[in-house]
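Comments concern the structure below.
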Amino acid sequence: MNRTLVFALAALLPATAAFAQPRFPFDAPWAVYNTATTLSGGDPVAFAIADFDNDGAPDVVTTRGRSEFGGSGFYFLRNDGRGGLAAAVAYTSVSNTWGIVAADFNNDGSQDVVVSNGDPPQITGNTVSVFLGAGDGTFAASQTVSVGTGNVAPQGLAAADFDGDGNADLAVAAFATGASGSKIMLLKGNGAGGFSAPSAYPAGARPLKLAVGDLNGDGRPDLVASVEDLGIAILRNVNGTGFAAPVRSTEIFGKRPVPLLKRTVTAIE
C-alpha cells in the first residue's frame, strides 16, 4: 500500500462516516460496582473472572491495589444470578497487590486465586499470595510463596499447564530493573496448591502484564508480556521445558521491522 492509496482512503472517510457509525456493543444503562468494602478502597488495577462458587455463573475477583486505598489482597464479587454482582468481600495478603490470576492449583475442581505482592512505586517485593478456593465462594487464608530473591517487583500473573504434567503452573512478570527483574519467573505447580522454586527466563525490559496462548500451534501454551517502550515480548514454550528467548514486537510506526513468530514485516510509514 503506497502513500497515494493511503491518502485516497483517508479522503473517503468523511464521506462514508455517516453510513458506518460505530456502535458500542453493550446496552445502556451500565451498572457500576464498588470493588471495595469502603468508598475509598479498591484501586482495582487487575481482575480475573471464574466460577468460584460452582453455581455455573462467572464471578469476579479484583486486586485491592495500594494500602492507602484499602489494604492488600483481593476482593471477591459474587455473581447474583441476575446479571449483577454482590457486595465485595475482602481477603488480605501481605502487601499491595498488582496482579491477580485464577486457576485450580490443587486439582480439587474449584478455582483458586493468586495475587502478586509489591510496594509502590512497584519496584520492591518478591512474593505472591495463594488463596485456595473452597468451591463455595470462600477462600482459605493466604499462603505466601517466594518468586525470587532481591527486589523482583512481581506484577502481572498468568496460569497454565506450561510443562504438560496436568497441573496448573504460575508465571510471574518481574518488573524490577535490577538483577532480579526484567524476567519471567516460572513456578511449576505440584497439583496440591504448592509450587517449585522459581526458574527465571529473560523477558525484555520491565515486563508488566502477561497473557497466555498457543501462538505457534504446537499444543503448548506460550507467553506474551507487555514490556517497556510500547512493546510486547513473545516467549515461546520449548516443549514444556521452559521458554525460548523473547521475540520483541515494537512500535508499528515508521519503517522499523516488527518481528513476529515466524516472519518479519515492515510497518507502513
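May I ask you to verify whether residue 161 is open to solvent by 10 Å² or more (accessible area, probe 1.4 Å), of a type in the set (D, E, K, R) and at negative phi?
yes
Against the condition open to solvent by 40 Å² or more (accessible area, probe 1.4 Å), aliphatic (A, V, I, L, M) and free of Cβ contacts under 8 Å to residues at least 40 places away in the same chain, how does residue 141 come out, does it pass?
Yes, satisfied.
Looking only at residues in the range 177-236 that are open to solvent by 40 Å² or more (accessible area, probe 1.4 Å), in contact (Cβ under 8 Å) with a residue 40 or more places away in the chain and of a type in the set (Val, Ile, Thr), which one is farthest from residue 131 (Cα to Cα)?
177
Out of 92, 97, which single residue is over 18 Å from residue 188 (Cα atoms), in contact (Cβ under 8 Å) with a residue 12 or more places away in the chain and either crowded, with 21+ Cβ neighbours inside 10 Å or small (Gly, Ala, Ser) (or both)?
On inspection, the qualifying residue turns out to be 97.
Within the range 58-81, which residues are assigned to a loop (DSSP other than H, G, I, E, B), open to solvent by 10 Å² or more (accessible area, probe 1.4 Å) and either among the small types (Gly, Ala, Ser) or modelled with pLDDT under 90 (or both)?
64, 66, 70, 71, 72, 81, listed by residue number.
Hey, any hits in the range 253-260 for a residue that's under 21 Å from the mean Cα position of the chain (by Cα), open to solvent by less than 20 Å² (accessible area, probe 1.4 Å) and modelled with pLDDT under 95?
No.
So is residue 239 assigned to a loop (DSSP other than H, G, I, E, B) and either open to solvent by less than 50 Å² (accessible area, probe 1.4 Å) or within 22 Å of residue 151 (Cβ to Cβ) (or both) or not?
It is false that residue 239 is assigned to a loop (DSSP other than H, G, I, E, B) and either open to solvent by less than 50 Å² (accessible area, probe 1.4 Å) or within 22 Å of residue 151 (Cβ to Cβ) (or both).
Considering 159, 205, 174, 225, which residue is aliphatic (A, V, I, L, M), under 26 Å from residue 54 (Cα atoms) and touching a strand residue (DSSP E or B) at 6+ places or on another chain (Cβ under 9 Å)?
159
Among the candidates 20, 11, which residue alone is assigned to a loop (DSSP other than H, G, I, E, B) and either modelled with pLDDT of 75 or more or open to solvent by 20 Å² or more (accessible area, probe 1.4 Å) (or both)?
The conditions single out 20.
The values are calculated or read from the model by the stated rules, or taken from the named source; none is laboratory data. This one's a predicted model, so the numbers in the text were calculated from it and none came from an experiment. Here the Cβ is made from the backbone with ideal geometry for all residues, glycine too, and neighbour counts use every protein chain on show. Accessible surface areas use protein heavy atoms only, side chains included; no ligands, DNA or RNA. Shrake-Rupley method; radii C 1.70, N 1.55, O 1.52, S 1.80 Å.
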